[in-house]
Amino acid sequence: MNPFQIKEAPVVYDVAIVGSGAGGGMAAYMLAKAGAKVVLLEAGGYFDPADPKYITQLKWPYESPRRGANTTRPFGDFDAAWGGWQIDGEPYTAKTGTEFHWFRSRMLGGRTNHWGRISLRFGPDDFRRGSLTGVGDDWPITYDDVAPYYDRVDKLIGVFGSKEGLRNEPDGQFLPPPKPRLHELMIQKAAKGIGIPVIPSRLAILTKAINNERGQCFYCNQCGRGCQAYADFSASSVLCIPAIKTGNVTLINGAMCREVTTDSKTGLATGVSFVHTGTMQEHSVRAKTVMLGASACESARILLNSKSALHPNGLANSSGVVGKYLNDSTGASRGAFVPALMDRDRYNEDGVGGMHVFTPWWLDNKKLDFPRGYHIEYGGGMGMPGFGFGFGTENMNGKYPTANGTMKPAGGYGSGLKEDVRRFYGAYVHMAGRGEPVPLESNYCEIDPDKVDKYGIPTLRFNYKWSDYEVKQAKHMQDTFEEIFHAMGAIPMGNKPGPDTNHGYGLEAPGKIIHEVGTVRMGKDPNNSALNAYQQAHDCKNLFVVDAAPFVSQGDKNVTLTILANSMRTSEFVIDQVKKKNI
Amino acid sequence: MKRRDTLKALGFSGITFGLAVGPAEAGVPLPPDKKVPLKVPGGRQPFEAERDAKLHADKFFTPQELKTVTILSDIIIPADAKSGSATQAGVPAFIEFMMKDIPANQTPMRGGLAWLDNTCRKRYGKPFADCTRAQQIEMVDQIAYPQKAKKDMSQGVAFFNMMRNFVVCGFYTSKIGIEDLGYKGNTPNQWEGVPEPVLKKFGLSYS
Ligand SMILES: Cc1cc2nc3c(=O)[nH]c(=O)nc-3n(C[C@H](O)[C@H](O)[C@H](O)COP(=O)(O)OP(=O)(O)OC[C@H]3O[C@@H](n4cnc5c(N)ncnc54)[C@H](O)[C@@H]3O)c2cc1C
Ligand code: SF4
């Protein structure tokens, strides 16, 4: 047999979906439930958080020879992600003087198996930053367009939170939130005293059972490992596996999509070609509609690689906008030591797999020297020790007196050192700002002219630089962290990050916060956008993008809840259009 | 492989349009692996299991080095009234593994051990492991207190900091170390908030 022969399946599916994460998983779920015959192409392997083959939940650090160090997984041995910033054989590059870090998970459910579950709605203002501030662009849709879908997503996946009535931090259909931990109460009290709100967090975790398929949270603090009770939202357990159970989904794992194929006369999408990662064989599937949910940068890559006579710039790219306006959340953080928490009483304070309180954006940018806001995520407490625990004790134990009030020289050894470790355990807090950047045309990904991955698919080259806006925002974060630390009697660790720290005031490199969006933006005008308000390609009516690529802007919120709502909205549009025989 | 077989492998054969097949975990079977099959423990990817097996089979420390690491481990974390010692918690084996897992540790560790032996030879005429207990403690006291140490001990201080880090971490991530620390979690429970007496102590409340 000729190994180069392309294998073509004889069936024509109703829909081919590329990627099984938040966006692709939701589309598969919606369409399969509606009775469409779906082929779901996932580059990674099969994953089910409840299958012992994959479970890391409730393991102890000593069950890992490296005690959970992050040698092979960026977030440590027990994290659920198969992948990371670098994947063997799947390289990417950045133009000189610029930087972008691209996190990919190759598995059923994508990055939703180990995401932080922070589920914040974008508010009304977040859809119209352009007209409100004169910087950036408006979305072609408003909060009111998405709100009903947010409601349905909340009910489908389960999100806890509290009704606060904040205008640009809309309330959802919440399950009860868990009570704050001790350090969170301390933060809350201190911040309130200086006018900074701290409210219950909003996470996609079942503090109450919502159906018979999924259990209730049993408070192990390990959502990053994936939940065998399905008590947290992962696209694998909550969307893909139920979608497959309908009998309407053909899942193909190891299917690395190369391009969307199109008809040479009509220009319409005819299906998807892919390389099987296990056999390296070329295949193609045919479908009446194609939906891309391969993650923002990957969907742009697939489109740019889908060149044909009718689509010479790549598919859906007659405007030339595909790849542009790439943007990730800003991030800066700081830790502190809380002397009042030394020698704490011990009890189980694991709680859910994330913070129990957070700070939504609370200020007015008109009165500040940067145009967009940020929220603050809090950490701390008596967590399970892992690799790195106790490192640097010599920087602490010479600074604070022992329980009986005497000072000791820093460092040391012996039973006195053991006492120090016990004394300092659980006495730290951590704050991380996550902010909205201004999307810029000059920040983009493009096809690297001379590189391919191990499947022979041309790879991405990034070009990304923060602007002054983001640096000033990071400075404001650092000032705020110190204010709260001081108000609670905490002592910030290390030196305050200044203009030369990281990308300025501790600002993380682009991509590091893993909220990349914007590369196949939607808009009203086909001259400067790739997709319409239903995430449908202006140039190709049976092609849709359902991940974060269509986002016009980021919001000072995490993005995944909005990916889910938009994908649900687009899926219903597809069903409606099929019924009306428009596609 | 015939075309029909390929289609079957893909999970597409025998179906007419409108009748989709169920889950195809790996639509196309992987090529047969000729190596002796390795048992992949739960929660590991095959490449990780392979890598771990290889690292476990390799040896980093020489017997003499391991002796020194073992002595230092128990000086840093000895048994006390509350819990056992570093060696009882298997710390030397953990350090051995970490040297191979993160090779950047190898030179500072191996070099630090050599520095320690050299310094002991100069002072006591013997490598560290062969010194008397009193000499070992005298040596350790020179390098265990970063702010008090003499200038010519700075490399020793850096080495001891590294040793202390690995020993403390190895111990407190072991079963006996976790018990010593009093970490109470990693078990199904119902979170009801901070215990009342603790709230009182801090003058906090939920209302
Ligand atoms: C550690 C971590 C914490 C996070 N915390 C939060 C949080 O608290 N809140 C929040 O909102 N967001 C969070 N995120 C971000 C969140 O995970 C992503 O926004 C979300 O998963 C994106 O969904 P997606 O469907 O676009 O892509 P993904 O979830 O990445 O899924 C894409 C899927 O497509 C597959 N794929 C890619 N390329 C191809 C191809 N060529 N062919 C076939 N398949 C392909 C991939 O293998 C993957 O399975 C976090 C991310 C990480 C890593
Ligand atoms: S914290 Fe709750 S939802 Fe998260 S993994 Fe543990 S039990 Fe599951």
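For A:M493, the residues 5 or more places off, or on other chains, whose built amide H falls under 5 Å of its own are A:G335, A:A336, A:F337. Considering only B:A57, A:P170, B:Q142, whose Cα is most displaced toward the positive end of the charge dipole of the protein assembly as shown, charges sitting on Cβ of Lys, Arg (+1) and Asp, Glu (-1)? About the Cα centre, the residue reaching furthest to the positive side is B:A57. Loop-located trypsin sites (Lys or Arg not before Pro) across segment B:44-73 with a Cβ neighbour count of 13 or fewer within 10 Å are B:K59, with loop assigned by DSSP. Label 7 Å along Cα→Cβ of A:S415; segment B:79-116 residues with amide nitrogen under 15 Å? Correct set: B:79-86.
Structural descriptor for chain A: relative contact order 22 percent, calculated from alpha carbon pairs under 8 angstrom and at least 6 residues apart. For segment A:387-426, applying the loop criterion from DSSP together with a ceiling of 14 other beta carbons within 10 Å to the trypsin sites (Lys or Arg not before Pro) yields A:K399. In terms of the Cα gyration tensor, with a ≥ b ≥ c the square roots of its eigenvalues, is segment B:45-103 rounded because a/c is under 1.5, prolate because a/b exceeds b/c, or oblate? It comes out oblate by the Cα gyration axes. Assuming charge only on the beta carbon of Lys and Arg (+1) and of Asp and Glu (-1), the dipole of segment A:93-184 about its Cα centre is about 540 debye to the nearest 20.
About the centre of its Cα atoms, segment A:470-583 shows a dipole size close to 600 debye [charges on the beta carbon of Lys, Arg (+1) and Asp, Glu (-1) only; nearest 20 debye].
Residues in segment A:520-547, backbone N under 20 Å from the label point at A:D144 (7 Å along the Cα-to-beta-carbon vector): list them, ranges by number please. What the label zone holds, given the 20 Å backbone N cut-off, is A:523-524, A:533-535. Distance between the C-alpha centres of segment A:39-106 and segment A:331-400: 24 Å, rounded to the whole angstrom. Here the gap between B:I137 and B:D80, fully extended at 0.36 nm per residue and compared with their Cα-Cα distance, gives a gain of 18.8 nm. Each of A:A309, A:G320, A:M384 was placed along the dipole of segment A:284-399 (beta-carbon charges, centred on the mean Cα), and the one lying farthest toward the positive end is A:A309. Here the 3J(HN,Hα) profile of segment A:305-312, calculated from phi with Karplus coefficients 6.51, -1.76 and 1.60 at θ = phi - 60°, is 7, 8, 8, 7, 4, 7, 10, x Hz, Gly and Pro shown as x. So which lysines pass the test for A:K324, namely a Cα distance under 16 Å, with those fewer than 8 places away in the same chain ruled out? Partners found: A:K95, A:K465. Amide H to amide H distances under 5 Å link A:I583 with A:V578, where only residues 5 or more positions off or on other chains count and H is placed in the peptide plane. A straight chain from B:K122 to B:R51 at 0.36 nm per residue would run longer than the Cα-Cα distance by 21.5 nm.
Straight distance only, please: which aspartates and glutamates reach the Cα of A:K454 with their own Cα at less than 12 Å, same-chain residues fewer than 8 apart left out? Result set, ordered by chain and number: A:D88, A:E90.
Considering helices alone, the calculated mean residue ellipticity of the protein assembly as shown at 222 nm is -8500 deg cm²/dmol, with DSSP H runs of length four and up weighted by -39500 (n - 2.57) and normalised per residue.
In terms of its alpha-carbon gyration tensor, segment A:65-133 comes out oblate; a/c meets the 1.5 threshold, while b/c is at least as large as a/b. Each Lys and Arg contributes +1 and each Asp and Glu -1, all at the Cβ; summed about the Cα centre of the protein assembly as shown, the dipole is approximately 920 debye.
Using the Cβ-Cβ distance between A:N495 and A:D576 with R0 set to 51 Å, the FRET efficiency from 1/(1 + (r/R0)^6) comes to roughly 0.35.
Each residue, A:N395 and A:D51, gets one label point 7 Å from its Cα in the Cβ direction; the gap between the two is 4.2 nm.
The 3J(HN,Hα) values that the Karplus relation (6.51, -1.76, 1.60; θ = phi - 60°) gives for segment A:361-378 are, in residue order, 4, 10, 10, 9, 4, 4, 9, 10, 9, 9, x, 10, x, 8, 10, 10, 9, 10 Hz. Gly and Pro appear as x.
For a test of the definition: using alpha carbon positions, the gyration tensor, and the 1.5 limit on a/c, classify segment A:90-205 as rounded, prolate or oblate. Judged from the Cα gyration tensor, segment A:90-205 comes out rounded (a/c under 1.5). Projecting the Cα positions of A:N348, A:T562, A:S64 onto the charge dipole of chain A (unit charges on Cβ atoms of Lys, Arg, Asp and Glu, taken about the Cα centre) puts A:N348 furthest along the positive direction. Note on A:D468/A:K163: beta-carbon distance plugged into 1/(1 + (r/R0)^6) with R0 of 45 Å gives a FRET efficiency of 0.75. The aspartates and glutamates whose alpha-carbon is closer than 15 Å to the alpha-carbon of B:K201, local same-chain residues fewer than 8 away aside, are A:D343, A:D345. Checked against a 28 Å cut-off, the cross-linked pairs A:K208/B:K39; A:K288/A:K512; A:K265/A:K579; A:K418/A:K512; A:K53/B:K175; A:K208/B:K184 give Cα-Cα distances beyond that limit for A:K208/B:K39; A:K288/A:K512; A:K418/A:K512.
Once backbone amide H atoms are built at 1.01 Å from N, A:T330 has A:G435, A:E436 as its partners under 5 Å, excluding neighbours fewer than 5 places away on the same chain. Between A:T266 and A:K155, the distance separating the two model label sites (each 7 Å from Cα on the Cα→Cβ line) works out to 3.6 nm. Extending 7 Å from the Cα toward the beta-carbon at both A:K208 and A:K179 defines two label points whose distance is 1.8 nm.
Straightening the chain between B:T187 and B:K67 buys 39.5 nm, computed as 0.36 nm per residue apart minus the Cα-Cα spacing. Cβ-Cβ distance of B:V40 and B:S205, R₀ of 51 Å, FRET efficiency by 1/(1 + (r/R0)^6): the value works out to about 0.55.
Throughout, read-outs are computed from the coordinates displayed, never taken from laboratory work. Predicted, not measured: the structure shown is a model, and the values here were computed from it. Cβ atoms come from the backbone with ideal geometry, glycine included; neighbour counts cover every protein chain shown.
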